[in-house]
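The values are calculated or read from the model by the stated rules, or taken from the named source; none is laboratory data. The structure displayed is predicted, hence computed values, not measured ones. Here the Cβ is made from the backbone with ideal geometry for all residues, glycine too, and neighbour counts use every protein chain on show. Side chains are part of the model used for accessible areas, which takes the heavy atoms of the whole protein and leaves out ligands, DNA and RNA. Shrake-Rupley method; radii C 1.70, N 1.55, O 1.52, S 1.80 Å.
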Amino acid sequence: MLYSVLLFVSTLTVFFSFFLVYKVTVLQDDINKLRGDISNLMPHSNESTDGMITGMSRTWERSKQAASLNSQQQRQTEKDSQTLCSPTASSLRMKREQAGCSGGTVVVQQSFLQLSANTKEQPFVRGNVTVIPWTVALHQGEAISSTGDRIIIQQEGFFIVFGQVLFQSPGTIMGHIVRSRGTGQRSTELLRCLQEMPQTNCANTCHTGGMVKLEREDELELVIPDRPQAQVSMDADSTFFGIIRLN
């Protein structure tokens with residue numbers, strides 16, 4: 001009886017041993033397959049990760065470049081705005097031309113001239129007109145010059161001419177004219193201004209201005225016709241005569 005029990009136990013033990021060995025073998029095969037699957041997936045995962053990192057890096061570089069470009073454009077815009085608002089820019093006209101074969105940019109100064117009444121002198125009579133003595137207040141460029149009481153045109157073109165006189169003669173009509181004279185020609189009246197004066201507190205400003213075309217060596221003058229006793233304020237901000245070249 002004991003022998004039968006021992007034999008049964010031994011047989012059962014051998015059976016379980018074979019069963020465990022089988023299970024271990026199957027489990028090892030599954031583990032090996034799983035490792036193979038993981039090994040096959042790893043390169044694709046690395047490539048995907050690398051591609052993602054590379055794409056993010058390129059996007060970041062492009063973003064930095066765009067931000068840098070925007071910053072440079074903003075600084076240039078601010079610089080241009082400051083340049084345009086500066087006094088130097090307001091007195092210069094930028095004209096782009098082809099400078100011969102060099103193809104460069106030529107900066108052309110806008111010519112202008114303003115004469116103010118000379119406070120050290122008094123108006124004087126010349127023929128049938130009263131002449132105001134002038135002094136140069138502002139001058140730029142080579143297209144315009146002055147001599148004595150006249151403005152001389154050095155380069156032909158279109159000009160804005162203006163003049164103002166503060167009259168102080170009571171109870172009469174006062175006024176002035178701006179006229180031009182070419183070489184060997186009679187004078188031509190360009191502008192005229194008339195102003196009625198009051199009997200008391202007699203101070204009235206007469207101002208005129210307009211655009212005209214002038215030729216080289218034309219001479220301009222502002223005179224008061226037929227008023228030899230004209231009383232005029234000689235303050236620089238009240239009585240003046242000027243011209244601006246447009247082209």
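Give me the accessible area per residue for the stretch 206-247, probe 1.4 Å, as a whole number in Å².
47 Å²
According to a simple spin-label model (label point 7 Å from Cα along Cα-to-Cβ), what is the distance in nm between residue 186 and residue 31?
Spacing of the two 7 Å Cα→Cβ label points: 12.6 nm.
Add +1 for every Lys or Arg and -1 for every Asp or Glu among the other residues with Cβ under 11 Å from the Cβ of residue 155, and state the total.
-3
Considering only protein heavy atoms, with the full assembly of protein chains and a 1.4 angstrom probe, order 146, 233 by accessible area, largest first.
146, 233
How much of residue 13 can a 1.4 Å solvent probe reach, expressed as accessible area in Å² and rounded to 10?
For residue 13, the solvent-accessible surface is approximately 80 Å².
Around residue 36, what is the net charge, scoring Lys/Arg as +1 and Asp/Glu as -1 over all other residues with Cβ under 14 Å from its Cβ?
Values: positive: 33, 35; negative: 29, 30, 37.
Once all neighbours under 14 Å are counted, the net charge is -1.
Quick one: accessible surface of residue 27, probe radius 1.4 Å, all protein chains present, in square angstrom to the nearest 10.
Estimated to the nearest 10 Å², residue 27 gives 100 Å².
With a 1.4 Å probe and all protein chains in place, put 237, 30 in order of accessible area, largest first.
Sorted descending by solvent-accessible area, the residues read 237, 30.
What figure in square angstrom, to the nearest 10, would you give for the accessible area of residue 212 with a 1.4 Å probe?
My reading of the accessible area for residue 212 is about 20 Å².
Would you rank 112, 158, 167 by solvent-accessible area, highest first, keeping every protein chain in place and using a 1.4 Å probe?
Sorted by accessible area, descending: 158, 112, 167.
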